Amino acid sequence: MGAPLVRAALFLIDILFSLYILAVLLRFLFQLVRADFYNPFSQALVKITNPALLPLRRMIPGLYGLDLAAVALLLILECLKNYLLLLIVGRSANMVGLLLFSVAGLLELTLYVFIVTTFARVILSWFVPYGYHNPVLGLLRSLTEPLMRPARRLIPPFSGLDLSPIAVFILLYLTLIIAVQPLKSFGAGWLG
């Protein structure tokens with residue numbers, strides 16, 4: 001296969017899998033933080049992810065409110081994506097390396113979701129009054145509040161400015177640097 005076709009195949013596989021993985025991850029996170037299920041955006045995620053998730057739920061039960069079927073689906077999709085990408089470039093895949101690399105990729109994506117949603121919440125707070133209700137804003141608040149609340153206790157508002165997002169960003173980036181990147185590098189070392 002020619003170089004442009006290989007790049008095109010890599011791009012298509014990566015983007016299609018990544019978008020679906022993101023949808024499943026958002027659904028899982030919204031369930032975890034008990035975001036509004038009847039929100040139009042939540043309902044769209046449910047419709048998109050149900051075809052793959054419902055059959056798994058019949059085999060994998062939840063545990064203490066944790067949707068293990070969604071976790072399994074995320075891991076399956078990420079492993080399959082990485083396996084296909086390796087296959088296209090002609091590299092072999094060690095199962096242990098593939099699993100570690102995929103777990104690290106999912107953790108990285110989760111942290112970036114929290115980084116982006118926290119950033120979006122900060123930016124939108126400058127333009128949208130606090131009492132204003134918008135379906136997307138409600139989800140942003142639901143998703144980021146479990147991180148913002150402890151940060152607000154650590155750094156109370158100062159002269160009307162909420163500096164807690166800075167603490168959240170620092171924590172998220174430190175987690176990326178200290179935990180996720182080494183795991184991803186270790187997993188990549190096992191790949192052929």
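The values are calculated or read from the model by the stated rules, or taken from the named source; none is laboratory data. Computed from a predicted structure; not experimentally measured. Heads up: the accessible areas ignore ligands, DNA and RNA and are worked out on the full protein's heavy atoms, side chains in. Shrake-Rupley method; radii C 1.70, N 1.55, O 1.52, S 1.80 Å.
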Query - Pairs of alpha carbons in the chain whose separation is greater than 26 Å (percent) - result: 42
Query raised in the report: Between the range 10-64 and the range 127-192, what's the alpha-carbon centroid distance in Å?
Result: 21
Query raised in the report: When the accessible area of the range 116-164 is split by element with a 1.4 Å probe, what percent falls to carbon and sulfur?
Result: 72
Query raised in the report: Quick one: Kirkwood hydrodynamic radius for the range 1-105, alpha-carbon pairs, angstrom, one decimal?
Result: 15.0
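Could you order Met95, Met148 so the one with the most accessible surface comes first? Probe is 1.4 Å.
On the way: Met95 135, Met148 5 Å².
Sorted by accessible area, descending: Met95, Met148.
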Query raised in the report: Using Cα atoms only, what is the angle between the long axis of helix 135-154 and the major principal axis of the chain, expressed in degrees (0 to 90) to the nearest 10?
Result: 70
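For the chain, what does the accessible surface come to per residue with a 1.4 Å probe? Please give it in Å².
Details: 11400 Å² over 192 residues.
Per-residue value: 59 Å².
Which whole-number percent is the relative contact order of the range 1-135 (Cα, under 8 Å, 6+ apart)?
Values: 81 pairs, mean separation 35.0, N = 135.
This gives 26 percent for the range 1-135.
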Query raised in the report: Among Ser92, Ser142, what's the order by accessible area (1.4 angstrom probe), most exposed first?
Result: Ser92, Ser142
